[in-house]
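Working notes, beginning with the structure itself.
Just so it is clear, none of the values below were taken in a lab; they were calculated from the coordinates. Quick caveat, the model's predicted, so the values are computed rather than measured. When we count neighbours, we look across all protein chains shown, and the Cβ atoms used for this are built from the backbone with ideal geometry, even at glycine.
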Amino acid sequence: MAQKEEAAAAAAAASQNGEDLEDLDDPEKLKELIELPPFEIVTGERLPVNFFKFQFRNVEYSSGRNKTFLCYVVEAQGKGGQVQASRGYLEDEHAAAHAEEAFFNTILPACDPAVRYNVTWYVSSSPCAACADRIVRTLGKTKNLRLLILVGRLFMWEEPDVQAALRRLKEAGCRLRIMKPQDFEYVWQNFVEQEEGESKAFEPWEDIQENFLYYEEKLADILK
Ligand SMILES: [Zn+2]
């Protein structure tokens, strides 16, 4: 993060904590504020390359892919207009809950009514019916939260109860999209471990565009 952005983020953190902004002149204090983000975050950690390549691949039949990986970007805009962004990833194996539920339990357990939240998820597959309902409930009681979910694959999309849950998500204002090749590239660049000092170019798999179109058509049918 650029120095200026760090200072702005720290200022926002400071004002949220009711601390004196004058302290920002003190480099030590500034450093401390930068290290104390307003949310509990698992950032800094990136997905291992192999996890990304296997779990996010948008295959039509996702056998063996029974985990959910969720990469998130949370943008919180305070009254003063400052935007604080945080990012990280969750996977349900270590979260003891589905990744979607874990997000609301650990990453964004409470929303400050004075702050506007723009949340984007990049998830390996779409939510199950229970998670979709959890999202619907959260959006229903948190009007200052906007959620965009980009999914690599549709999970059990042939099941009527899953389809109904996806429609409830849409009705609740959640934007749901299938990840395009450039979205996978975005995840690769921002959430996947890179070799020391050099980032490797994203290598799209052979059927990435075809599979995207396949799922996009299914989703359009479900949501229409
Ligand atoms: Zn779930």
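Miscellaneous remarks
- The modelled label-to-label distance for the pair Glu193/Tyr61, using points 7 Å beyond Cα in the direction of Cβ, is 3.1 nm.
- Cα shape, the stretch 88-194, gyration tensor, a/c 1.5 rule: rounded
- Neighbour-count order for Asp133, Asp92, Asp221, fewest beta carbons within 10 angstrom listed first: Asp221, Asp133, Asp92
- Net length gained if the chain between Asn105 and Lys170 were fully extended (0.36 nm per residue, minus Cα distance): 21.2 nm
- Theoretical gain in end-to-end length, Glu203 to Lys224 [0.36 nm per residue, Cα-Cα removed]: 4.3 nm
- Theoretical gain in end-to-end length, Leu148 to Gln182 [0.36 nm per residue, Cα-Cα removed]: 10.7 nm
- Packing-based exposure ordering (other Cβ within 10 Å, fewest first) of Leu70, Leu223: Leu223, Leu70
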